[in-house]
1. Taking the Cα centre of the range 123-274 as origin, work out the dipole magnitude from +1 charges on Lys and Arg Cβ and -1 charges on Asp and Glu Cβ, in debye rounded to 20.
2. For a footprinting-style exposure proxy, rank Tyr184, Tyr84, Tyr193 by other Cβ within 10 Å, fewest first.
3. Efficiency by 1/(1 + (r/R0)^6): what FRET value for Leu267 and Val124, r their Cβ-Cβ distance, R0 = 35 Å, to the nearest 0.05?
4. Taking Cα pairs under 8 Å and at least six residues apart, what relative contact order does the range 110-171 come out at, in percent?
5. Per the helix-only calculation at 222 nm, which mean residue ellipticity applies to the chain, given -39500 (n - 2.57) for every DSSP H run of n ≥ 4 and division by its residues, nearest 500 deg cm²/dmol?
6. Find out how many positive minus negative residues lie around Val89, taking Lys and Arg as positive, Asp and Glu as negative, among other residues whose Cβ is under 12 Å from that of Val89.
7. Using Stokes-Einstein with the Kirkwood hydrodynamic radius over Cα pairs, what translational diffusion coefficient do you get for the range 120-274 at 20 °C and a viscosity of 1.002 mPa s, in µm²/s rounded to a whole number?
8. Sorted from fewest to most neighbouring beta carbons within 10 Å, what does the list Lys206, Lys214 look like?
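We did not get these values from a lab; they are worked out from the coordinates using the rules stated. The model shown is predicted, which means the values in this text are computed figures rather than measured ones. Because the Cβ atoms are built from the backbone with ideal geometry, glycine has one as well, and the counts that use them run over all protein chains shown.
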Amino acid sequence: MTHKPALIICFVSLALSSEVAPFDIVTGRGEGIGRAVILSRSSASELLAVPAGGLGARQGLVEIGFNRAFEMSELDNLYVAGAYCFGSVTTAIGFSQFGHSDLYTEQTAKLSLAIRRDSLTAAVTLAGLLVSLGGGYERLDATTLGCGLSYRTRRIIVAVTGENLTAPRLQENSREINPLFSGYAELIGPGPYSLTGRVTLEREEKPQFAVGQKIDLSTKAAFFWGIATAPLKYGGGLEVDLEGRSLTYVVSYHPTLGLSQTVALSLVFGSTRM
């Protein structure tokens with residue numbers, strides 16, 4: 001039987017690798033499109049990560065989701081996110097818990113405030129991370145700031161984000177959590193599809209690239225797929241619209257670690273979406 005300290009080391013290594021980045025909150029569709037973002041119609045969790053705009057005034061989104069990485073219950077991740085647009089200002093908030101309390105957990109909270117001026121949206125984010133090792137060990141915590149910028153045209157949407165800008169530490173003598181800089185783009189096709197992409201840069205790490213595609217099967221359903229590098233992962237998913245609610249199911253595959261699955265339920269309320 002695997003000893004508890006060995007499990008803790010395993011979980012910490014996974015959590016602090018590029019596979020599960022600190023201060024990240026899972027997005028419902030992210031694992032299916034290489035952690036890129038569908039900027040043209042972002043979910044609440046995606047608006048928390050990237051200030052893409054797209055909400056109408058007095059419109060809101062609520063999303064709850066569950067991710068099981070590599071078919072291991074010890075790596076379960078539960079999250080909830082919400083977003084609301086007050087005219088030209090959009091705020092988003094989210095919370096997630098990764099792991100199990102008797103072994104290793106990460107609790108992440110994130111707040112975003114974005115301001116839209118015509119086609120341009122700018123945002124600042126505040127994120128907090130609480131790490132518990134179990135077995136009576138002292139808890140570790142850190143907070144950090146981020147920012148983002150996006151620009152929308154009829155067919156092309158681009159965005160850039162900076163995360164962990166303060167290079168926080170979980171404790172005084174621990175290693176700094178490196179800043180992350182990402183670029184996102186979406187090309188909306190003339191037909192029922194769009195192409196998405198992502199590039200992420202981090203000091204002392206290989207650049208990450210991702211490409212994905214969203215295909216509208218009807219006005220009520222869409223299919224999407226994606227490929228990401230560093231680490232190499234393949235993914236795909238299906239989203240079904242249920243009259244103001246949407247159900248998303250995503251599967252991703254790591255050649256060494258195996259399958260991961262995500263299920264998310266979203267609710268739209270308020271005025272008509274932009």
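1. Numbers: 14 positive and 13 negative charges, 93 e Å.
So the magnitude is around 440 debye.
2. On the way: Tyr184 26, Tyr84 19, Tyr193 15.
Ascending number of Cβ neighbours within 10 Å: Tyr193, Tyr84, Tyr184.
3. Details: r = 26 Å, r/R0 = 0.74.
Working from the Cβ atoms, E equals 0.85.
4. Details: 114 pairs, mean separation 17.3, N = 62.
Normalised by residue count, the contact order of the range 110-171 is 28 percent.
5. Values: 2 runs with 18 residues, N = 274.
After summing the helix terms and dividing by the residues of the chain, the value is -2000 deg cm²/dmol.
6. Working: positive: Arg58, Arg116, Arg117; negative: none.
That works out to +3.
7. Working: Rh = 18.5 Å.
D, rounded to a whole number, is 116 µm²/s.
8. Details: Lys206 12, Lys214 26.
The fewest-first ordering by Cβ neighbours comes to Lys206, Lys214.
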